[in-house]
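Undergrad: Before anything else, here's the structure in question.
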Amino acid sequence: EIATLYSLSLFALLASFEALLGVTELSRNALEMSISRLDALSIINIMDNESYGLHPLTRAYVSKELWSDVVTGLNFGYRYSKYWLDYSIRYGGVSYKTFDHLEKEWGNIQSAYEHCYKLHSLNQSDDQRRQIALFASGFNDCLSRFFIFSGRWDEGILYNEKCYLMLTEIDNYRMAGWHAYRIMEFFFLRGDEENHKKWRNNCNKSWKLEG
């Protein structure tokens with residue numbers, strides 16, 4: 001039951017069975033049994049559409065327990081972010097026809113973004129920080145059109161800026177430059193000449209450093 005509780009504490013919205021299956025990495029049968037036992041103890045909330053969640057107080061307590069061990073927190077945080085990155089790759093890209101799936105789960109996708117940055121901020125090895133930076137960059141790659149289509153320009157700017165900073169920190173100037181370029185595009189669409197120029201300069205600077 002620990003894996004189920006830890007996983008549920010990461011979800012910003014209710015968790016579908018399939019999403020919970022992906023994050024817990026349990027077998028289907030094991031997850032069904034875990035949910036049944038937790039439901040019998042009135043620890044989890046089960047909705048009519050087969051989605052699951054924790055009471056806010058329970059969620060806060062479980063989350064505190066999860067992150068009391070950094071290694072365990074990193075492990076579950078990575079699984080959670082990986083699930084939603086794969087989901088975003090599946091339904092993101094350039095076709096707006098699948099964007100309704102992203103809208104439906106946006107709260108969870110957004111929290112997966114934030115977990116990437118949380119993981120990156122923890123004291124890890126250079127290889128781990130590099131992996132998380134590339135991981136977060138992957139989110140932006142598959143959601144760049146969704147940000148524009150859905151009018152989430154502020155989120156697009158914020159998340160690309162965070163990726164720009166993380167990638168600059170690990171000296172990946174080529175990819176940092178692409179995130180600066182995307183930010184530049186947002187400010188062009190807004191008609192914000194000052195910030196457009198700022199991020200155009202950041203983009204050019206990054207690519208010059210890359211050589």
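Undergrad: It is to be established whether one or more residues within the stretch 51-60 are part of a loop (DSSP other than H, G, I, E, B) and without any contact (Cβ under 8 Å) to a residue 40 or more places away in the chain. Quick ask: steps written out before the conclusion?
TA: At the first step, the residues of the stretch 51-60 found to be part of a loop (DSSP other than H, G, I, E, B) are 55.
Still in the running and without any contact (Cβ under 8 Å) to a residue 40 or more places away in the chain: 55.
Yes - at least one qualifying residue is present in the stretch 51-60.
Undergrad: Okay, moving on. For R145, state whether it is part of a helix (DSSP H, G or I), in contact (Cβ under 8 Å) with a residue 40 or more places away in the chain, within 24 Å of L209 (Cβ to Cβ) and among the basic types (K, R).
TA: Numbers: part of a helix (DSSP H, G or I): yes; in contact (Cβ under 8 Å) with a residue 40 or more places away in the chain: yes; within 24 Å of L209 (Cβ to Cβ): no; among the basic types (K, R): yes.
Here the answer is no, as R145 does not meet what is asked.
Undergrad: Among L122, L189, L134, which is the only one that is more than 27 Å from T98 (Cβ to Cβ), in contact (Cβ under 8 Å) with a residue 40 or more places away in the chain and surrounded by fewer than 18 Cβ atoms within 10 Å (Cβ to Cβ)? Let's see the steps before the verdict.
TA: Numbers: L189 fails: more than 27 Å from T98 (Cβ to Cβ); L134 fails: more than 27 Å from T98 (Cβ to Cβ).
Exactly one residue qualifies, and that residue is L122.
Undergrad: In this structure, does E210 turn out to be among the charged types (D, E, K, R), modelled with pLDDT of 95 or more and surrounded by fewer than 19 Cβ atoms within 10 Å (Cβ to Cβ)?
TA: Values: among the charged types (D, E, K, R): yes; modelled with pLDDT of 95 or more: no; surrounded by fewer than 19 Cβ atoms within 10 Å (Cβ to Cβ): yes.
No; evaluated as a whole, the condition is false for this residue.
Undergrad: Pick out the one residue from Y78, Y6 that is open to solvent by 70 Å² or more (accessible area, probe 1.4 Å) and under 21 Å from H120 (Cβ atoms). Full working, then the answer.
TA: Details: Y6 fails: open to solvent by 70 Å² or more (accessible area, probe 1.4 Å).
None of the others qualify; the one that does is Y78.
Undergrad: Kindly list the number of the only condition in (1) touching a Leu at 6+ places or on another chain (Cβ under 7 Å); (2) closer than 15 Å to A15 by Cα; (3) of a type in the set (V, I, T) that fails for I43.
TA: It is condition (1) that I43 fails.
Matching residues to (1) assigned to a strand (DSSP E or B); (2) closer than 16 Å to A12 by Cα; (3) touching a residue at least 24 places away in the same chain (Cβ under 8 Å):
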position: S63; (1), (2), (3): no, yes, yes
position: L66; (1), (2), (3): no, yes, yes
position: T72; (1), (2), (3): no, no, yes
position: G77; (1), (2), (3): no, yes, yes
position: K82; (1), (2), (3): no, yes, yes
position: L85; (1), (2), (3): no, yes, yes
position: G93; (1), (2), (3): no, no, yes
position: T98; (1), (2), (3): no, no, no
position: E103; (1), (2), (3): no, yes, yes
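Undergrad: What single numbered condition from (1) more than 21 Å from S81 (Cα to Cα); (2) touching a residue at least 40 places away in the same chain (Cβ under 8 Å); (3) of a type in the set (A, V, I, L, M, F, W, C) fails to hold for I46?
TA: The single condition I46 does not satisfy is (2).
The values are calculated or read from the model by the stated rules, or taken from the named source; none is laboratory data. For clarity, every value in this text was computed on a predicted model and none was experimentally measured. Cβ: placed from backbone, ideal geometry, glycine included. Neighbour counts: every protein chain shown. SASA here: full protein model, heavy atoms, side chains in, ligands and nucleic acids out. Shrake-Rupley method; radii C 1.70, N 1.55, O 1.52, S 1.80 Å.
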